[in-house]
Every structure is written in C-alpha cells, then in structure tokens.
1. What FRET efficiency would be calculated for the residue pair Val14, His104, taking the C-beta separation as r and a Förster radius of 45 Å, to the nearest 0.05?
2. By the scheme Lys and Arg +1, Asp and Glu -1, what is the net charge of all other residues having a beta-carbon under 11 Å from that of Glu495?
3. Would you mind classifying segment 431-493 by shape? Square roots of the alpha carbon gyration tensor eigenvalues, ordered a ≥ b ≥ c; an a/c under 1.5 is rounded, otherwise it is prolate if a/b is larger than b/c and oblate if not.
4. Does segment 61-161 come out rounded, prolate or oblate by the C-alpha gyration tensor, with a ≥ b ≥ c the root eigenvalues, rounded set by a/c under 1.5 and, if not, prolate when a/b is larger than b/c and oblate if not?
5. Only four residue types carry charge here, +1 at the Cβ of Lys and Arg and -1 at the Cβ of Asp and Glu. Report the dipole size of the chain about the Cα centre in Debye, rounded to the nearest 20.
6. About its Cα centre, how strong a charge dipole does segment 1-124 have in debye, to the nearest 20, once Lys and Arg get +1 and Asp and Glu get -1 at the Cβ?
7. From the backbone phi of segment 397-405, what are the Karplus-calculated ³J(HN,Hα) couplings (6.51 cos²θ - 1.76 cosθ + 1.60, θ = phi - 60°) in whole Hz, Gly and Pro given as x?
8. Specify whether the C-alpha gyration tensor of segment 1-99 places it in the rounded, prolate or oblate class, a ≥ b ≥ c being the square roots of the eigenvalues: rounded for a/c under 1.5, otherwise prolate if a/b is larger than b/c and oblate if not.
Amino acid sequence: MSALLIIISLAATVAGLALFAKAVRSILAIVRLGQADPTRSNNRGERVKTLVREVLGHTRMRKWSIGGIAHWFVFVGFGSLFLTLVTAYGQLFSPEFAIPLLGHFAPYELFVEFISWATGLGIVTLIGIRQATRIFRPARKSRFYGSTAWQAYYVEATILAIVFCVIALRGLEGALAGETSWNWHYALSWPAVLAFNGLSATTLKSLIVLVAAIKIVISMAWFITISINLTMGVAWHRFLAFFNIFFKRNANGAVALGQLPVMLSDGKPINFEDPGDDDIFGVGAIENMSWKGILDLSTCTECGRCQSQCPAWNTEKPLSPKLLITSLRDHAFAKAPYLLALSEDQKAALTDEQRAEAEKTLIGDIITPEVLWSCTTCGACVNQCPVDIEHVDHIVNMRRHQVLVESDFPSELGGTFRNLENKGNPWGMNSSQRNDWLTELDFEVTVLDGPIAPEVEYLFWVGCAGAYEDRAKKTTKAVAELLHRAGVTFGVLGEG
Ligand code: HEM
Ligand code: SF4
Ligand code: SF4
C-alpha cells in the first residue's frame, strides 16, 4: 500500500513540477511579447523598499480590513509551511521523519501550528467574504461578478485541505511519539493528538503515510491545475504580484495616476514633429502593449475591487475595469501561440481556434468601443488595485491608437478635437477672450507675459474650463478673490 502511495506521490510531483516549469517559461515568453519599457527598472533600491512595504504590510489591501488581515495569514502560510511539504516527502519513506535539527524544536513546531491555524482561519474568512458577497450583493453589485468562480473555490479548497493535512499529521505524529499529556511540542494540535491516541503504532504509521501522500498530491494537483490554466490569476498572482509591484510606474510606491506617461514606441518616446514610419501609436493590438502591460494582465486576481469602485460600472455602463483587464488577458494568452510561432512549421501547427483569435481586432472584438469610451479616467480602479494594475494607462493607450491611427472616436469628441486644433481650447473660443473673466473682478490681477517678476509669489493656473466655461469661471473668480484678500501676490498667464 505505502509503495503505491509513494509511486503516486512521486509521479504527481514529477508531473506537477515539470508542468509548472513549462508554464513559467510560457508566461515569461508571453510577457516578453510586449514592447520595451525602459522606465520600469530605475531606482531599484527604492523599488525594493516599496515592494517590501506593500507586500509585508499589505498596504494596498486596505491594511486593517478583515479581508486584508485574513489574506496576510494565508500569504504568510504559503511560504512558512513549505517545510511541512518537505516533511511529508520524508514521511512517505519513514513515518517518524522530522526535519533535522528543526523538526522537534518546540518553537518551530509552535510556529508551524500557529501559522497553520491562522492560515485556516484566514482562508475560512476569505471564503466567508466571497460567499456573503455572492449572497447579499447579487449580480452587478458583487465585486466578484464576472470573476471565474471555480478557480477561486479551487484555491480556497486546496488551502483548506492542506491546513487540514498539516494538523492531522501533527496529531498523528504526537500519537506515534506516545505523548500522553499536553506539552509545547504539540501545543496547538493537542486535540488532534488526543483524537489519534489509542491507535496502534502500525495504524498510526500507515495513516501518516496516507495523509502525507494526500498532502503531496493535493499540492501537486494545484501546480498541475495552474500550469494548464495560465490565465488563472487568482492562483498565479502568488508569484506574479511581487514582480508587478516591483515594476510599477512609480518607484516610490505612488499609484499610476496624475500626468500620463509619454507615448513610447519600441521603448522610445515618439517624436511627434517627425515620427518614424514604423512608430506604433498607442495600443491597437495586444502585442503593442508593453511587457509591463502584459504582466499587469497576468497578475489580476479577479478580486473586483476596481469594479466595485468604478463610476461607469456603478451607473450601468458596459465598462468594468476588472472585465476589461481579464478580457485583454484572455486574448493575450489565446493569441500568444500565433505571435510566438516564427517558423512555417510552427505556423502550420496552429489550431483553427488560435488563427481565429489572431484575426480578432483588439478594439471591436475584444474591447468594444462602448467599453473603451465609458471610462471617465477618474482613477478609482488604479487607486484600489492591490496588485498595482495600471488600468488608466491601458485605456488611454487604446484610445490614443483609436484617435491617432484609426480616427475613430465618439462623435461628441469631434467638435472638441476640431476646437483644440483650430483654437487651442476645447470650447472653440477665441484666445482673446481667455482673460475676459478678469474684467468681472473689482481688483487688478497681474497678467504675466515673459519672465515672471520676483514679486509675483504664485502662478494661478486657470486652465481652459476656468477661463471660458461660465460655471467654472465662478470658481476661478472666487479663488482669485480669496488669494487677493489673503494678500497673496499672484499672476495668471496671458492670452493664447
Ligand atoms: C503581494 C502579494 C499579494 C497580493 C497583493 C495579493 C492580493 C490578493 C487579492 C487582492 C486577492 C483577492 C481576494 C480579495 O480581494 O480578498 C487575493 C486572493 C488570494 N490570494 Fe493573494 N496576494 C498576494 C500574494 C499571495 C500569496 C503569496 C498567496 C499564497 C498563498 C496568496 C493567496 C491568495 C489566495 C488563496 C487567494 C484567494 C482567496 C479568495 O478566494 O478570496 N496571495 N490575493
Ligand atoms: S478610471 Fe475608468 S475604469 Fe477606472 S474606475 Fe474610473 S471610470 Fe472606471
Ligand atoms: S485589476 Fe486589480 S483590483 Fe481589479 S480585479 Fe484585478 S486585481 Fe482586483
């Protein structure tokens, strides 16, 4: 019996690790399909600090929320319980096996038992949150709406089963060691020791081999499952989140909002005065995304925090930032075999499905124009995402392509673009009217022309809306009056 269990466990291990290695190579190849982006590896020291802070502190997972704390223990358990897997391999061959030096060291045993219980409690909490959300916030109201439910259930069940195996093994080990009273070696697994006390040594040994084999097979089944489901972000983020956080737009940890990044083509800023013939403007096909963009897509946990905060989604628009990211991800992974097929033989080996995926248009088939143009670029999604996905940049890059290459945008924008081109402002007003609001004030405001005089403390940037739009003009005048009353010397820009 135990020989069979050993064979099954080792076969599962070979299959699991081999498939996992192949899967890692595939994901790397897919990420590498993206364009260069040299802005992502500056300030490495700062990036490491941000990574450590965000990962260990779970700062982006609403640090003190119940879900964040629960996830923290599950996350810590993943690394900390690795040696229990090593122990299980040893127990297949010798049920008394323990890690040399450490295995019977009471503080280590206490640590393992504590982390196991905390991980178990953590995953039960996450399961509870997911189920409560499903039941009490149905359909679009749920942040998990549109997430792949079976994948989450599977990772949850796997962790629960592993925790069960670790505690069961501790109980069996204690019973086999003949423990008859509570002690620090089995401090938190004592009820399990009691449950198995009284069984014969032969039975205990057989049970240890059986549970160790179950633990190994469950762990390896997880590796096999994620290896044949490369888009299973709820599992893959365990490995990818670290890289995605490290390579985020801002090394200091700030979210990817504010000023938009310059447009890069093959990693270099585009010279709009004299663009190159083969310059790529924005993202019109999945392979136009940067490698960091594709890493973003691969890392999404489908947690739906972005979706729950999106004003477009919450007002019944077709856009969900989560579904946008997962649609792009599924397309990237489905089109990858076509993009990676270089030789004629490889191309000939493609399936009809893979060819069909390559034919799909990014804007149209994968992301509809209605979805693309529903975004207000408010940034709530970017602010929420615990793994630092940069939705706004991806949306803007697709829009850049639509505007600059396809000249395809909502008709409402036609007037705005024409006005910008002809008059330099979206309202199409004459530049001579830019400072008309000044005539409605009963004090003088310095209009700057040329170098700013030293006595001018501040430049008040009014902007187009503030200068031309009636409601915004009221705000502009109020701010100017406040500055004036406060005795601040300021100036505004001239016409233009
Ligand atoms: C910095 C790294 C990580 C971040 C930011 C992160 C973030 C997330 C997020 C946002 C979710 C969705 C669930 C929710 O919203 O509550 C999630 C789910 C999950 N994560 Fe992580 N994760 C990280 C690393 C890990 C690691 C290393 C593990 C290892 C066990 C892990 C295990 C899980 C599991 C099991 C789930 C599914 C829980 C559920 O079903 O709700 N995560 N993670
Ligand atoms: S930036 Fe766009 S996608 Fe993100 S939350 Fe705002 S409207 Fe939604
Ligand atoms: S993009 Fe970020 S916030 Fe949105 S579902 Fe994915 S991981 Fe969660």
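1. Using R0 = 45 Å, I get an efficiency of 0.90.
2. -1
3. Oblate, since a/c reaches 1.5 and b/c is not below a/b.
4. It is prolate, given that a/c is not under 1.5 and a/b is the larger ratio.
5. Around 1780 debye, computed over the chain.
6. In debye, rounded to 20, segment 1-124 gives about 780.
7. Values, residue by residue: 5, 5, 5, 4, 5, 4, 6, 7, 9 Hz.
8. oblate
The values are calculated or read from the model by the stated rules, or taken from the named source; none is laboratory data. Remember, predicted model here, so these are calculated numbers, not experimental data. Cβ sites come from the backbone with ideal geometry, for glycine too, and all protein chains shown count toward neighbours. These accessible areas exclude ligands, DNA and RNA; they are computed on the full protein's heavy atoms, side chains included. Shrake-Rupley method; radii C 1.70, N 1.55, O 1.52, S 1.80 Å.
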